[in-house]
Amino acid sequence: MKMSCLKTHKILFLLVLSFISINFQCNKNLNCRETVYSFESGIKAYPDQDSINIGDTLWLEVNQTVNLKDLQTNETVNYSNASNFGTALSFAQLMSVDSTNDKVASKFRYVLIYGNEIQREDKIKYREYNFYELNGYYRFKLGLIPNEKGIFKLFISNSNNVLRTNDNCTKANFQIDFIDTDQHFYLNKVSFPDVNLSGKNGVYLFKVK
């Protein structure tokens, strides 16, 4: 009987200890209040012309300081050490009015200078990259070398739910748009004659001769 009581008390003690441990962890998590920032980031495309030849290189480049202005509060935030800040590229080839082909990512060769490629199964449509942090800047530089002629529409995605290393309480959403770049919106008329593109939209059009 004494042995049975000792075992029972031991089991109860372990259960209570386990409950205290779980409760402590939960309370510790409650102290972690989620913070969400909203930032803008620019990407540049060059050379600054609407047409390139097969085998030429179209460069995409990001050179973004880690000190960013939060769009909600207007405060400057040092958002360094981001673990998943990047963008996904997708393409459409404009064939004729209301006719496009969005499975053309393989019609380009890719030369990555700064950044890390994220492997995807749908590479026929997308290429995805994380930016590289260097000397207080997020860097990305990618060369696109076309293998075929055509008129192409390039889409740059925003970067949402960006986390920092060892910081799960803070995340940021980045709106990524082209800066210092002629986006050649008029080429969109090839397939969408009634659509007038303008403003910030993460779209770049170019012709391959």
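No value in this document is a laboratory result; all are computed from the given coordinates. Bear in mind the structure is a predicted one, so any value in this text is a computation, not a measurement. Virtual Cβ from ideal backbone geometry, glycine too; neighbours counted across all protein chains shown.
A few notes on this one:
- ³J(HN,Hα) computed for each position of the stretch 36-53 - Karplus, 6.51 cos²θ - 1.76 cosθ + 1.60, integer Hz, glycine/proline x: 10, 10, 10, 10, 10, 9, x, 10, 10, 10, 7, x, 7, 8, 7, 10, 10, 9
- Extending 7 Å from the Cα toward the beta-carbon at both Asn196 and Asp56 defines two label points whose distance is 2.9 nm.
- Full extension of the chain between Tyr137 and Ser38 gives 33.9 nm of extra length, using 0.36 nm per residue less the Cα-Cα distance.
- Spacing of the two label points (7 Å from each Cα toward its C-beta) at Asn161 and Gln49, in nm: 4.3
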